[in-house]
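Q: Provided herewith is a single structure, encoded as structure tokens, for subsequent inquiry.
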Number of protein chains: 2
Amino acid sequence: MHISTVSRTFSAPHLVNPETRNRVLACAEQLGYRPNRAARALITGRTYNVGLIVADIANPFFPPLIKAAESQARQRDYHIFVADSNEDAAVEEDLVRALAKQVDGILLCSPRMSNSLIELLSREVPLVVVNRAIAGLPTVVMDVAQGARLAVEHLAGLGHRSIGLIAGPRGSWTSKEIRRSAATATRAADAELTVIGPNPPNEHGGAATAEQVLRSGVTAVLAYNDLMAIGLIEGLHALRVRVPEDISVVGIDDIALSRLIHPKLTTVATPAAAAGRAAVDMLLAHGDDRRTTAHASLQTELVIRDSTGPGPDPHSHADPGYAAAAAPDAVASYAKE
Amino acid sequence: MHISTVSRTFSAPHLVNPETRNRVLACAEQLGYRPNRAARALITGRTYNVGLIVADIANPFFPPLIKAAESQARQRDYHIFVADSNEDAAVEEDLVRALAKQVDGILLCSPRMSNSLIELLSREVPLVVVNRAIAGLPTVVMDVAQGARLAVEHLAGLGHRSIGLIAGPRGSWTSKEIRRSAATATRAADAELTVIGPNPPNEHGGAATAEQVLRSGVTAVLAYNDLMAIGLIEGLHALRVRVPEDISVVGIDDIALSRLIHPKLTTVATPAAAAGRAAVDMLLAHGDDRRTTAHASLQTELVIRDSTGPGPDPHSHADPGYAAAAAPDAVASYAKE
DNA sequence: TCACCTCCTGCAAACGTTTGCAGCAGAACT
DNA sequence: AGTTCTGCTGCAAACGTTTGCAGGAGGTGA
């Protein structure tokens with residue numbers, strides 16, 4: 001029984017006599033033999049692994065995306081290696097390079113690198129970019145522009161005329177996109193937009209803007225993501241500002257957490273799981289013909305909960321009176337359920 | 001210039017003449033050459049990768065552990081591959097096997113497999129087990145027994161005599177440990193323990209137990225983790241039960257979220273980041289002498305916040321009166337800050 | 001009987017590195 | 001001058017697979 005027969009038993013079973021095959025399998029079972037994927041990869045060039053690089057694994061936006069990608073990959077006998085870039089472009093580049101030869105392709109989620117660097121890297125290893133539009137590469141994006149527009153229209157409809165935007169981190173395409181769309185939408189609604197940022201895209205980043213938001217005089221805020229929106233609400237609470245009575249807050253992402261806090265967060269739902277699946281499909285689809293570039297843009301949707309309320313009464317110009325705020329605000333939102 | 005010289009330039013630079021080395025590096029730079037880690041691994045047997053398998057990447061307990069492990073590994077030029085077992089023992093086994101030959105070792109976090117299977121797998125690839133004590137293997141555990149004891153003593157000190165325990169998933173060592181310790185501590189405090197479970201270890205699992213908790217008549221509850229505690233609080237709210245006025249709730253883990261909800265969660269802080277670092281150290285320490293078995297047990301700590309309050313008045317045997325609950329409870333906790 | 005075909009198996013090269021060994025040049029010692 | 005040592009480089013085997021090619025056994029049709 002030659003090694004090549006063993007090899008074929010595992011990689012091309014139809015080429016070997018059923019009887020021989022069984023003997024091989026029995027033997028393998030007994031010896032605990034399993035083909036060495038690294039050695040296989042060396043000659044075939046296919047590792048059956050895909051890399052998945054995210055900016056921050058602690059951001060609850062990513063886990064559903066990761067899980068969806070994982071299960072999609074598993075169906076095709078692929079495994080996913082997740083890595084966390086810590087919101088750092090340099091680490092990101094290092095990770096891509098390290099992963100390059102051990103995977104068949106990489107899913108780059110919310111990259112912080114420059115477009116040109118990404119294009120450069122894409123010549124070393126197949127890349128699918130998530131949450132960023134780049135012309136020459138396969139990409140999966142959420143239609144956050146639509147989401148931001150819906151959010152602004154919702155706020156304008158409630159009577160808000162001065163709206164704040166808590167921007168995300170500097171390198172983020174999504175943040176730019178939201179800003180662009182929110183600016184257009186506010187103008188159309190005859191309202192005014194105040195941009196605050198850039199900020200780190202987590203609850204601390206959100207909380208840190210509370211004072212600035214208050215000073216700016218806006219009556220409603222759209223945040224780059226839910227985590228920042230939640231942080232902001234915390235920060236505002238600490239300043240004795242009520243949400244949504246004094247200021248309305250809208251997030252983006254619809255993470256699980258946004259339903260667990262009070263007031264429950266009004267937010268733009270982004271289909272993270274669908275994005276994970278789409279990205280894997282895109283990467284594995286054109287197995288060999290590299291230079292295919294697909295683009296997917298996924299629908300977003302406004303989920304109205306309890307963190308948004310009517311804007312200021314247009315007839316009264318009274319002091320909002322934060323100091324006097326002692327009403328049992330949270331109870332109000334419990335009562336709503 | 002021979003390939004072996006190139007090889008040495010990268011893997012043992014001191015063996016090659018500085019001048020030659022520079023020529024090689026210049027050439028490599030120009031050609032965009034990078035050593036193929038898979039091929040290197042084939043012959044050296046070292047991949048400079050480590051695997052990290054978690055039960056559920058969406059559980060906020062894990063990300064800090066993962067991030068700590070990642071940064072610790074990066075310092076030693078290792079990369080971490082994260083995989084999610086979906087709380088499924090079979091997937092877990094499959095992942096270990098798939099990873100086995102592509103990594104130098106695996107960190108098994110909160111495994112759901114049986115001890116015997118884990119021992120079996122540890123003969124194929126170096127394993128460090130986190131959140132489970134197994135005699136023959138290197139392990140990192142949190143001292144949840146101590147944490148559970150502190151929690152029960154805290155509740156007993158507040159006057160609670162009937163305490164509930166929301167158990168975790170079936171295969172979990174931590175859950176057994178908490179149960180054991182809580183039972184001892186309640187007995188010592190002359191109180192009574194009601195165990196509810198097993199349950200899925202997420203917010204839905206917690207919320208699903210709300211009715212059962214209420215029926216059981218306990219006045220305080222210790223949950224297997226924060227996510228379940230938070231879910232339970234939600235579930236109780238929906239039933240018009242106030243926390244902590246009617247029922248006190250304690251979680252375990254101290255995830256970031258536990259500070260963002262109202263009432264802020266009293267919980268047992270487990271040092272997840274330290275565990276991640278310790279596990280990586282343990283795996284990489286005895287690089288070659290396999291059969292070393294270290295055991296680390298990390299201190300836990302009770303963090304008292306707003307979800308626990310005094311037990312029922314021992315003199316009155318009145319109906320707790322859930323229906324009448326309309327007090328501005330959350331405001332009380334805002335005021336505390 | 002011969003030619004041909006199908007099914008299966010063995011052979012050997014190849015993938016991209018690492019590494020023990022040997023060899024060579026020059027320096028340093030005796 | 002002879003010996004030994006040091007510093008560097010080349011050679012070739014090895015890691016564990018895959019795969020094109022060749023060949024043998026047995027069947028089928030002429």
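The values are calculated or read from the model by the stated rules, or taken from the named source; none is laboratory data. Being a predicted model, the structure only gives us computed values, none of them experimental. Every residue, glycine as well, gets a Cβ built from its backbone with ideal geometry; the counts of neighbours run over all protein chains shown.
Q: Determine the pairs where a residue that is within 14 Å of chain B (Cβ to nearest Cβ), located within segment A:2-17, has a partner that is more than 8 Å from DNA strand C (Cβ to nearest atom) with Cβ atoms under 6 Å apart, the partner being 6 or more residues away or on another chain.
A: Partner pairs satisfying both residue conditions: A:PHE10/A:PRO35.
Q: Looking at segment A:45-58, can you tell me whether even one residue there is under 29 Å from A:GLY276 (Cα atoms), free of Cβ contacts under 8 Å to residues at least 24 places away in the same chain and within 16 Å of DNA strand C (Cβ to nearest atom)? Lay out the reasoning, then the answer.
A: Keep residues of segment A:45-58 that are under 29 Å from A:GLY276 (Cα atoms), which gives A:45-58.
If we keep only those that are free of Cβ contacts under 8 Å to residues at least 24 places away in the same chain as well, we get A:45.
Checking the rest, the ones that are also within 16 Å of DNA strand C (Cβ to nearest atom) come to A:45.
Yes, some residue in segment A:45-58 is under 29 Å from A:GLY276 (Cα atoms), free of Cβ contacts under 8 Å to residues at least 24 places away in the same chain and within 16 Å of DNA strand C (Cβ to nearest atom).
Q: Shifting gears a bit: For segment B:190-306, which fully contained helices (runs of 4 or more DSSP H) count at least 3 residues that are under 16 Å from B:LEU155 (Cβ atoms) and of a type outside the set (Asp, Glu)?
A: Working: elements: B:203-207, B:210-216, B:226-238, B:272-285.
It comes to B:226-238.
Q: Taking segment A:77-131 as the search range and keeping residues that are at positive phi and among the charged types (D, E, K, R), which one is nearest to the other protein chains (Cβ to nearest Cβ)?
A: Looking at residues that are at positive phi and among the charged types (D, E, K, R), I get A:ASP77.
Q: Next up: Of all the residues that make up segment A:163-192, how many are surrounded by fewer than 17 Cβ atoms within 10 Å (Cβ to Cβ) and modelled with pLDDT of 95 or more? Steps first, please.
A: Step one: of segment A:163-192, the residues surrounded by fewer than 17 Cβ atoms within 10 Å (Cβ to Cβ) are A:170, A:176, A:180, A:183-184, A:187-188, A:190, A:192.
Keeping just the survivors that are modelled with pLDDT of 95 or more gives A:176, A:180, A:183-184, A:187-188, A:190, A:192.
So the count comes out to 8.
Q: Tell me which of these A:ALA58 doesn't satisfy, since it passes every other one: (1) touching a helix residue (DSSP H, G or I) at 6+ places or on another chain (Cβ under 6 Å); (2) among the small types (Gly, Ala, Ser); (3) not in a loop (DSSP other than H, G, I, E, B).
A: Answer for A:ALA58: the failing condition is (3).
Q: Of A:GLY136, A:GLY147, A:GLY206, A:GLY157, which residue is of a type in the set (Gly, Ala, Ser) and farther than 24 Å from A:GLN299 by Cα?
A: Numbers: A:GLY136 fails: farther than 24 Å from A:GLN299 by Cα; A:GLY147 fails: farther than 24 Å from A:GLN299 by Cα; A:GLY157 fails: farther than 24 Å from A:GLN299 by Cα.
One residue alone meets the criteria, A:GLY206.
Q: Here is a follow-up. Could you list all residues from segment B:97-111 that are in a helix (DSSP H, G or I) and more than 23 Å from B:ALA58 (Cβ to Cβ)? Can you show your working first?
A: Going residue by residue through segment B:97-111, those that are in a helix (DSSP H, G or I) are B:97-100.
Answer for segment B:97-111, where residues must be in a helix (DSSP H, G or I) and more than 23 Å from B:ALA58 (Cβ to Cβ): B:ARG97, B:ALA100.
Q: Which residues, counting only those in segment B:139-162, are among the small types (Gly, Ala, Ser), in contact (Cβ under 8 Å) with a residue 40 or more places away in the chain and surrounded by fewer than 20 Cβ atoms within 10 Å (Cβ to Cβ)?
A: Here is the first cut: in segment B:139-162, the ones among the small types (Gly, Ala, Ser) are B:145, B:147-148, B:151, B:156-157, B:159, B:162.
Now restrict to residues that are in contact (Cβ under 8 Å) with a residue 40 or more places away in the chain: B:147-148, B:151, B:159, B:162.
The answer is B:GLY159, B:SER162.
Q: Follow-up. Report whether or not A:VAL130 is β-branched (Val, Ile, Thr) and in contact with a Cys (Cβ under 7 Å, 6 or more places away or on another chain). Lay out the reasoning, then the answer.
A: Working: β-branched (Val, Ile, Thr): yes; in contact with a Cys (Cβ under 7 Å, 6 or more places away or on another chain): yes.
Taking the combined requirement at face value, the residue satisfies it.
Q: For segment B:84-129, what are the residues that are among the β-branched types (Val, Ile, Thr), closer than 23 Å to A:PRO35 by Cβ and surrounded by 22 or more Cβ atoms within 10 Å (Cβ to Cβ)?
A: If the condition is that a residue be among the β-branched types (Val, Ile, Thr), closer than 23 Å to A:PRO35 by Cβ and surrounded by 22 or more Cβ atoms within 10 Å (Cβ to Cβ), then B:VAL96, B:VAL103, B:ILE106 are the ones that fit.
Q: (1) in contact (Cβ under 8 Å) with a residue 12 or more places away in the chain; (2) within 12 Å of DNA strand D (Cβ to nearest atom); (3) not hydrophobic (A, V, I, L, M, F, W, C): which one isn't true of A:ARG34, the others all being true?
A: The single condition A:ARG34 does not satisfy is (1).
Q: Only one of A:ALA73, A:ALA68, A:ALA26 is touching a Lys or Arg at 6+ places or on another chain (Cβ under 9 Å), part of a helix (DSSP H, G or I), more than 7 Å from chain B (Cβ to nearest Cβ) and over 20 Å from A:ARG123 (Cα atoms); which? Break it down into steps so the answer makes sense when it comes.
A: Details: A:ALA73 fails: touching a Lys or Arg at 6+ places or on another chain (Cβ under 9 Å); A:ALA26 fails: touching a Lys or Arg at 6+ places or on another chain (Cβ under 9 Å).
Within the list A:ALA73, A:ALA68, A:ALA26, the selection yields A:ALA68.
Q: Turning to a different aspect of this structure: Sort out which residues of segment B:52-65 are more than 8 Å from chain A (Cβ to nearest Cβ) and either among the small types (Gly, Ala, Ser) or closer than 18 Å to A:ALA38 by Cβ (or both), and write them in order of number.
A: Once the filter is applied, which keeps residues that are more than 8 Å from chain A (Cβ to nearest Cβ) and either among the small types (Gly, Ala, Ser) or closer than 18 Å to A:ALA38 by Cβ (or both), segment B:52-65 yields only B:ALA55.
Q: In segment A:41-90, what residues are within 16 Å of DNA strand D (Cβ to nearest atom) and either within 16 Å of the chain's Cα centre (by Cα) or β-branched (Val, Ile, Thr) (or both)?
A: Within segment A:41-90, A:ILE43, A:THR44, A:THR47 qualify.
Q: Output the residue which, of all residues in segment A:89-121 that are touching a residue at least 40 places away in the same chain (Cβ under 8 Å) and farther than 21 Å from B:VAL103 by Cα, is farthest from DNA strand C (Cβ to nearest atom).
A: My answer is A:SER110.
Q: So for segment B:30-39 (the condition being within 20 Å of A:LYS101 (Cα to Cα), away from DNA strand C (no atom under 16 Å from the Cβ) and more than 10 Å from chain A (Cβ to nearest Cβ)), does at least one residue qualify?
A: Kept after step one, since they are within 20 Å of A:LYS101 (Cα to Cα), are these residues of segment B:30-39: B:30-39.
Applying the additional criterion that residues be away from DNA strand C (no atom under 16 Å from the Cβ) yields none.
No, that holds for no residue.
Q: Restricting segment A:1-31 to residues that are away from DNA strand D (no atom under 11 Å from the Cβ) and loosely packed, with under 11 Cβ neighbours inside 10 Å, which is modelled with the lowest pLDDT?
A: Only one residue fits best here, namely A:MET1.
Q: Now for a separate question. Counting only residues that are in a helix (DSSP H, G or I) and among the basic types (Lys, Arg), how many does segment B:29-55 have? Show your work before the answer.
A: We begin by selecting, within segment B:29-55, every residue in a helix (DSSP H, G or I); these are B:29-31, B:37-44.
Now narrow it down to the ones that are among the basic types (Lys, Arg): B:37, B:40.
So the answer is 2.
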